Structures are given as structure tokens and as C-alpha cells.
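Participant: My structure is below; once you've seen it, I'll send some questions.
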């Protein structure tokens, strides 16, 4: 009897899908399209055995191209709910390969909230799907730490910190003789290298502000910074080049200013985001 009831429910849901969703997910009214996408995302998360497959996922992928920001946003939020669950990610391979490039392009979306949620989705994807993002993809996404819109910059800051700077990533090796500053020294050297490679030397304040919520611990490690700057051979045998030394001085000044003033640099809009716990 249980199996009979389950079959009845599945038949009803299929009838709703065919009779309502397929007729309305491209409705002329954006709110109806958004509702359809929100609900199919909910169905997929609630009943993955029945709905987590390309026959249903493709509709979310297609609507990532919708002209209305509200619809694109519902797609991204629905996908965040799926990619955040490790037990579901392994069944997303086909969808990921088909629509990854579209999602990577969406931090450039003209709608600020869509851009922010796209960056957050890409963070989830990079954590849950090994090698889903190419080195070129990552380099493109890192540059959003320099954008003027703070919520997007902070989301990009999380991406940069966790993908490139964090010593929790597993690939990082503490330098020989790193001493008490070992982890911070590794992160600082990576930050200096990224800053120089990006060639946006006038925007160090934007970079530090983007990272502040995620990397505040090592960005406030001024003892480590000054030790590195003074080339203390006992702490770290590898001296900085002149370019790296100049970059570190700029970073020190920017971190002190950020800590003292407590607000975003001039030209960067939106209220300061509360640091995630």
C-alpha cells in the first residue's frame, strides 16, 4: 500500500509538472517564471531521487539566460541549495559541464544581486566539484575583488582567500624556518604575488577591503608583516625583492587604514558586510 501511495504521489507531481510547469516556466509574466523556477528547485532538493536529473535540471540551466534578473536570481539560489549538499553534487556532472561557462560569466551581470549570488554559487561549486573551474576561470573571478560594488567584492574576496591564500587548503607547505609566522608568511607572500600580478597597484585599498571579512586574522598580523619587511633571516630566509617590498608596504598601510577607519574605501558602495561566523 505504501508503494501504491508513493506511485500516486509521483503521478500527481508529474501531472503538475507537465500540466503547469511546462506551460508556465516561459510565461510572459516574469513573476510566474520566477515562481516556476523556485518550485522546481525546491522539488529537486526535496525529492532528488525523482527529480535530480538532467530532464529537470535543464530548465534551471536554460533560465539562467532569462531577460529578467528576478528569474536569473531564482536559478542561482536554487542551484546554491543543490551544490551545497555533497550527496547531490556527484549527480550534477552533466549540468555542470553544460552550464558552467554561463555561471562563470554571471558575476558580470548588470543586476548586483545576481552578480553576488553567482559568485557565491561559484564558491560552492569550486569547493564541491574538484577541478570544475579552470585556472583561467579562477583568474577572471579573482579580479572581482577590485570591483566598486562591495557585496560582490566581498564574495570575490572569499573566493580568493579560500582558493589561493588560505593555509587550510591542503596544498600549502609551511616554509622551512617559518617559525611562529609560518602560515601568515605563506599567505602574505601569496597576497603580494597576486597584487603584483594583477597590476592594479592604485587599488590596494579595494583588495584589502574585499579580503577583510575572510582574512582579517593574517591581515592584522602586523608583527609578521614587519618581520618579513625587515628580512629577518631567522624567521624566513628568503628576502623580498624591491617590488615585493614596496607591495608589502602598501599592504601594511592599507590594513592599518582599514582597521582604524572601519569603513570601505572611497568609491566602493554598499554597507559593510558583517563577517560570517
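Participant: Test of understanding: in a Gaussian network model of the chain with alpha carbons linked when under 10 Å, which of 47, 25, 206 would top the mean-square fluctuation ranking?
Facilitator: Evaluated over the chain, the most mobile residue of the options is 47.
Participant: A further question follows. How many angstrom lie between the C-alpha centres of the range 1-24 and the range 138-154?
Facilitator: Centre-to-centre (Cα) distance: 43 Å.
Participant: Quote the convex hull volume per residue of the range 1-110, based on C-alpha atoms, as a whole number of Å³.
Facilitator: Hull volume over Cα atoms, normalised by residue count, gives 95 Å³.
Participant: Give the shape of the range 179-261 as rounded, prolate or oblate, defined through the alpha-carbon gyration tensor: a ≥ b ≥ c are the square roots of its eigenvalues, a/c under 1.5 means rounded, and otherwise the shape is prolate if a/b is larger than b/c and oblate if not.
Facilitator: oblate
Participant: When the chain is modelled as a GNM with alpha-carbon springs shorter than 10 Å, which of 108, 188, 94 fluctuates the most?
Facilitator: Greatest mean-square fluctuation among the candidates belongs to 94.
Participant: What ranking of 62, 43, 222, 212 emerges when the number of other C-beta atoms within 10 Å of each C-beta is taken as an exposure proxy, fewest first?
Facilitator: 222, 62, 43, 212
Participant: In addition: With 10 angstrom as the radius, rank 224, 138 by how many other C-beta atoms surround their C-beta, starting from the fewest.
Facilitator: The order, fewest Cβ neighbours first, is 138, 224.
Participant: Out of these labelled values of Rg and Dmax of the Cα atoms in Å, (1) 26.0, 122; (2) 22.7, 77; (3) 19.2, 59, which was calculated from the coordinates shown here?
Facilitator: Given (1) 26.0, 122; (2) 22.7, 77; (3) 19.2, 59, the calculated one carries the label (2).
Participant: Got the relative contact order for the chain handy, in percent, Cα pairs under 8 Å and 6 or more residues apart?
Facilitator: Dividing the mean separation by the residue count of the chain yields 13 percent.
Participant: Helix 54-63 versus the longest principal axis of the chain: what is the Cα-based angle in degrees, 0 to 90, to the nearest 10?
Facilitator: It works out to around 60 degrees.
Participant: How far, in nm, would the chain grow between residue 223 and residue 42 when pulled straight, counting 0.36 nm per residue and subtracting the alpha carbon separation?
Facilitator: Stretched fully, the residue 223-residue 42 segment lengthens by 60.3 nm.
Participant: On to the next question. Per-residue ellipticity at 222 nm for the chain, helices alone: DSSP H runs ≥ 4 residues times -39500 (n - 2.57), over residue total, nearest 500 deg cm²/dmol?
Facilitator: Rounded to the nearest 500, it is -20000 deg cm²/dmol.
Participant: Output the relative contact order of the range 35-126, whole-number percent, from Cα pairs under 8 angstrom with separation of 6+ residues.
Facilitator: Computed value for the range 35-126: 28 percent relative contact order.
Participant: List 71, 145 from most exposed to least, where exposure is judged by having the fewest other Cβ atoms within 10 Å.
Facilitator: The fewest-first ordering by Cβ neighbours comes to 71, 145.
Participant: Where does helix 150-160 land angle-wise versus the long Cα axis of the chain, in degrees 0 to 90, nearest 10?
Facilitator: Approximately 80 degrees, to the nearest ten.
Participant: Expressed as an acute angle from 0 to 90° and rounded to the nearest 10, what is the orientation of the C-alpha long axis of helix 204-219 relative to the principal long axis of the chain?
Facilitator: Value to nearest ten degrees: 90.
Here, each number is a calculation from the coordinates, and none is a lab measurement. Computed from a prediction, not measured in an experiment: that's the story for all the values here. We place every Cβ from the backbone using ideal geometry, glycine too, and count neighbours over all the protein chains shown.
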